[in-house]
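*Asks:* Quick one: the structure is below, and I'll ask about it shortly.
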Amino acid sequence: MNIRISDILNNHENSRIEFKTNFNSDVIETICAFSNSFGGNIFVGISDKSKIVGIENLSDEMIKNWINSIKTSTTPQIYPEIIIHKIEQKTVAEIIVQEYSIKPVSCRGKYLKRIGSSNHTIPVEEIADMQILSINSSFDSFITEGEISELDRNIINNFNNELRIKNRINLTDNNFVNLEKIGLTKKGKPTYAALLLFGNHRTNIHIGRFKTPELIIDDILISSPLFTAVDEAIKFIQKNISVEYIIGDKLRRTEKWQYPIAVLREILLNAVIHKDYRNQTDIIIKIFDDSIIFVNPGKLFGNTKIEDLYTNYYIAKHRNKLLCEAFYLLGEIEKYGTGFIRIRKTLENYPEISMNMEQINDFFKIILNTDQNTDQNTDQNTDQNTDQKTDLEASIIELIKQNKNITIIEISDKIGKGITVTKTYIKKLKQKKIIKRVGADNGGYWQIIE
């Protein structure tokens, strides 16, 4: 048997592999779902249990009929490649489907995408996003009915001054020509991005300081243009979180905030830039004694998954391209999918903080939890006895014994701690020479040192 086919059979169905005993309408729906996702391969003549059943009397005419059925059932029309294999003296047809460049593809009026090993209907709002992306555009690039004169001139001037300082783009002396150059205005009219940055957009950042889930002791509703709203939000957050003053060398005083301000700003910018502005719900931030919660209307964009954000290899997808461009030119963000890498890197110096992310319906939530005793307790345990293992360390060791290929994300889920805290405990286990990593982080495995 072909080694590639053997590997596919052993891995079973997944986001890019489908098995079918015969060609039918379900096959065409899967072709549609693969076209709207990342492509995939459908093997006709193999059961969903990976058993090779074969296709009886497969002929060139039969394959032509398949191709015609696929063509007439899909819009835009899909023409997949079909390869015939002989496996265990049985005939199997492999239908190779490429990701389609102009999305979405429909199958008899249905729009489907691939999630895991099954096909799912695409929500209406996601269909609109796909169409916009297919023409290399975004929602915030649409022209509004307003006039440029309605935008705040002082904020526009400050924006241009900041751009000149950052020097990421060559500008003219005319601030309004610069807006056109960046794409924030088109044909003398403001885009929705320009309205959000410099105008009265009627969307809010709502921040509350909670003593208990029911008791609010301070709050603010920020409706300012986004260019100034981010700074206003950060100032209010700083007013409502704790700060420690540390006296260092030469009696210099430094501040250590309850949460690193750079992380808070990165999360807030992520919310502002990736918000689905068709949803009128506010960006919500809740500050508690030991946690801060960011809730943003708009789930992760462009097939990005939460687990991707815990890696260093995820690809940035931008719901609002012009907002992203504006904050990039201001030096606030990078456009290469490095935001969450920087967040995780910074939090390595804050082992008492764990970060968790959730996606609930059309909302994306980030929670930062503080455990003021984490760093102190782990340091005490290490000082008392380098061979002594905490309960969490023992749990991690047991998980690795059970599955040496387990990921840090999976360990984090099972011990109920955030990624940053989990990494801290794993680092201590490595320092104690209890575990080691064999091979690269991506593709390697854990080993218990005897």
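The values are calculated or read from the model by the stated rules, or taken from the named source; none is laboratory data. In this text the structure is predicted, and so the values were computed from the model without any measurement. As a convention, Cβ positions derive from the backbone with ideal geometry for all residues, glycine included, and neighbour counts pool all protein chains shown. Ligands, DNA and RNA are stripped out before the accessible areas are found, and what is left, the full protein with its side chains, is counted by its heavy atoms. Shrake-Rupley method; radii C 1.70, N 1.55, O 1.52, S 1.80 Å.
*Asks:* Once you put a point 7 Å from the Cα of Glu232 and another 7 Å from the Cα of Glu244, both along the Cβ direction, what distance in nm separates them?
*Replies:* Reported label-point gap for Glu232 and Glu244 is 3.3 nm.
*Asks:* Oh, and also: Restricting to bridges with both residues inside the chain, how much of the DSSP beta-bridge set is antiparallel, in percent to the nearest 5?
*Replies:* On the way: 59 of 68 bridges.
For the chain, the DSSP antiparallel bridge percentage is about 85.
*Asks:* On to the next question. How much area per residue is accessible in the stretch 212-308 when the probe is 1.4 Å and only protein heavy atoms are counted (Å²)?
*Replies:* Numbers: 4810 Å² over 97 residues.
Value for the stretch 212-308: 50 Å² per residue.
*Asks:* Separate question: Match the structure shown to one of the listed values (1) 75, 61, 41; (2) 102, 60, 50; (3) 85, 70, 45 of Cα extents along the principal axes in Å, computed from it, and give that label.
*Replies:* (3)
*Asks:* Right, here's the next one. Roughly how far apart, in whole Å, are the Cα centres of the stretch 51-102 and the stretch 274-347?
*Replies:* What the calculation gives is 40 Å, centre to centre.
*Asks:* With a 1.4 Å probe and all protein chains left in place, how much accessible area per residue does the stretch 1-133 have, in Å²?
*Replies:* In whole numbers, the stretch 1-133 has 52 Å² accessible per residue.
*Asks:* Rounded to the nearest 0.05, what FRET efficiency is calculated for Asn22 and Asn303 with R0 set to 41 Å and r the Cβ-Cβ distance? Intermediate results must be reported in sequence, preceding the final value.
*Replies:* Details: r = 30 Å, r/R0 = 0.73.
In this case the efficiency is close to 0.85.
*Asks:* What net charge is computed for the residues neighbouring Ala193, neighbours being all others with C-beta under 11 Å from the C-beta of Ala193, Lys and Arg scored +1, Asp and Glu -1? Working shown, then result.
*Replies:* Values: positive: Lys186, Lys321; negative: Asp140, Glu325.
Taking every Cβ under 11 Å from that of Ala193, the sum is 0.
*Asks:* While we're on this one: Calculated FRET efficiency, Ala128 and Glu398, Cβ-Cβ r, R0 60 Å, to nearest 0.05? Can you show the working numbers first?
*Replies:* Values: r = 47 Å, r/R0 = 0.79.
Computed FRET efficiency for Ala128 and Glu398: 0.80.
*Asks:* Calculate the radius of gyration of the Cα atoms of the stretch 36-140 to one decimal place, then report Dmax, the largest Cα-Cα distance, as a whole number, both in Å.
*Replies:* 16.2, 57
*Asks:* Continuing with the same structure: Give the total of Lys-Lys pairs in the stretch 203-304 with Cα-Cα distances below 25 Å; include a pair only if its members are 8 or more places apart or on different chains.
*Replies:* So the count of such lysine pairs works out to 14.
*Asks:* May I ask you to list the trypsin sites (Lys or Arg not before Pro) in the stretch 170-227 that are in a DSSP loop and have at most 10 other Cβ atoms within 10 Å of their Cβ? Before the final figure, lay out the partial values.
*Replies:* Details: sites: Lys181, Lys186, Lys187, Arg202, Arg209, Lys211; in loops: Lys187, Arg202, Lys211.
Passing sites in the stretch 170-227 are Lys187, Arg202.
*Asks:* Distance from a point 7 Å along Cα→Cβ of Asn312 to each backbone N in the stretch 391-424: keep the residues under 15 Å and list them by number.
*Replies:* 408, by backbone N distance to the label point.
*Asks:* Now, a different point. Report in % the part of the accessible area of the stretch 193-294 that belongs to carbon and sulfur, leaving out ligands and nucleic acids; probe 1.4 Å.
*Replies:* That fraction is 52 percent.
*Asks:* Restricting to DSSP loop positions (anything but H, G, I, E, B) with no more than 15 other Cβ atoms inside 10 Å of their own Cβ, which GluC sites (Glu not before Pro) remain in the stretch 302-354?
*Replies:* Glu334, Glu348
*Asks:* Using C-alpha positions alone, give me the convex hull volume of the stretch 311-351 per residue in cubic angstrom.
*Replies:* Convex hull of Cα atoms, per residue: 74 Å³.
*Asks:* Okay, moving on. Just to confirm a number: summing +1 for Lys and Arg and -1 for Asp and Glu over residues other than Arg278 whose beta-carbon lies under 11 angstrom from that of Arg278, what do you get?
*Replies:* Net of charged neighbours comes to -3.
*Asks:* If each DSSP helix of 4+ residues adds -39,500 (n - 2.57) and the sum is divided by the residues in the chain, what number results at 222 nm, nearest 500 deg cm²/dmol?
*Replies:* It lands at -11000 deg cm²/dmol.
*Asks:* Can I ask one more? What does the net charge come to around Lys103 if you take all other residues with beta carbon closer than 11 Å to its beta carbon, with K and R at +1 and D and E at -1?
*Replies:* Net local charge, Lys103 excluded: -2.
*Asks:* If we sort 14-20, 404-410 on the protection proxy, mean other Cβ atoms within 10 Å, highest first, what's the order?
*Replies:* Values: 14-20: 19.1, 404-410: 14.3.
Ranking the peptides 14-20, 404-410 by packing returns 14-20, 404-410.
*Asks:* Report, to the nearest whole %, how much of the accessible area of the stretch 1-150 belongs to carbon and sulfur atoms, 1.4 Å probe, protein only.
*Replies:* With neighbouring chains kept in place, the figure for the stretch 1-150 is 49 percent.
*Asks:* I'd like the accessible area for Thr228: 1.4 Å probe, protein heavy atoms, all chains in place, Å² to the nearest 10.
*Replies:* 40 Å²
*Asks:* While we're looking at this one, here's another question. Taking every DSSP beta bridge with both residues inside the stretch 16-117, roughly what % is antiparallel (nearest 5)? Please report the intermediate quantities before stating the final value.
*Replies:* Numbers: 17 of 21 bridges.
Bridges in the stretch 16-117 are about 80 percent antiparallel.
*Asks:* For the peptides 310-316, 94-100, what is the packing order when you average, over each peptide's residues, the other Cβ atoms within 10 Å and list the highest mean first?
*Replies:* On the way: 310-316: 13.9, 94-100: 18.4.
Top to bottom by mean Cβ count within 10 Å: 94-100, 310-316.
*Asks:* Further, regarding this structure: With r defined as the distance between the Cβ atoms of Arg4 and Lys189 and R0 fixed at 35 Å, what FRET efficiency is calculated, to the nearest 0.05?
*Replies:* After rounding, the FRET efficiency stands at 0.05.
*Asks:* Could you check the spin-label model distance between Asn405 and Arg278? Points 7 Å from the Cα along Cα→Cβ, value in nm.
*Replies:* 3.9 nm
*Asks:* Kindly provide the trypsin sites (Lys or Arg not before Pro) of the stretch 248-307 that DSSP labels as loop, not H, G, I, E or B, and whose Cβ sees at most 15 other Cβ atoms within 10 Å.
*Replies:* Filter output for the stretch 248-307: Arg252, Arg278, Lys305.
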